[in-house]
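*Asks:* Sharing a structure below in structure tokens format, with a few things to ask.
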Amino acid sequence: MNRLHEGIQDVLKQFFIDTATWGLETWENICGIPQTPGKPDDQRRSVIKTKLRGAGTVTLAVIRSVVDSFENGEVDIQENFYWQARCAAEFE
């Protein structure tokens, strides 16, 4: 029973980048990152996280779309300059 518990815990760890080991290959495939044999896990994790964070461009329209997708969500966006914006979301 203890081995079963350990196996389940090991599989669960693969769902999270920070704890994945043998599951990093799956994360790399999802992100379209070519595998580099022998590369340390911490470097592989860093590349995966970078790829996920840079997956899209955040625009005011994207922010509004995300907030509007929540029930009872309301957003007020004020763009001061092309490089500065203020966003306040309110949920009831």
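The values are calculated or read from the model by the stated rules, or taken from the named source; none is laboratory data. Keep in mind that what you see is a predicted model, and the values were worked out from it rather than measured. All Cβ positions, even for glycine, are placed from backbone atoms using ideal geometry, and neighbour counts span all protein chains on display. Side chains are part of the model used for accessible areas, which takes the heavy atoms of the whole protein and leaves out ligands, DNA and RNA. Shrake-Rupley method; radii C 1.70, N 1.55, O 1.52, S 1.80 Å.
*Asks:* Identify all residues within the range 26-35 that are β-branched (Val, Ile, Thr) and either open to solvent by less than 50 Å² (accessible area, probe 1.4 Å) or in contact with a Lys or Arg (Cβ under 8 Å, 6 or more places away or on another chain) (or both); write none if there are none.
*Replies:* Scanning the range 26-35 gives a single hit, Ile33.
*Asks:* Kindly provide the set of residues from the range 15-25 that are over 11 Å from Lys51 (Cβ atoms) and open to solvent by less than 80 Å² (accessible area, probe 1.4 Å), ordered by number.
*Replies:* Those that are over 11 Å from Lys51 (Cβ atoms) and open to solvent by less than 80 Å² (accessible area, probe 1.4 Å): Thr19, Ala20, Thr21, Gly23, Leu24.
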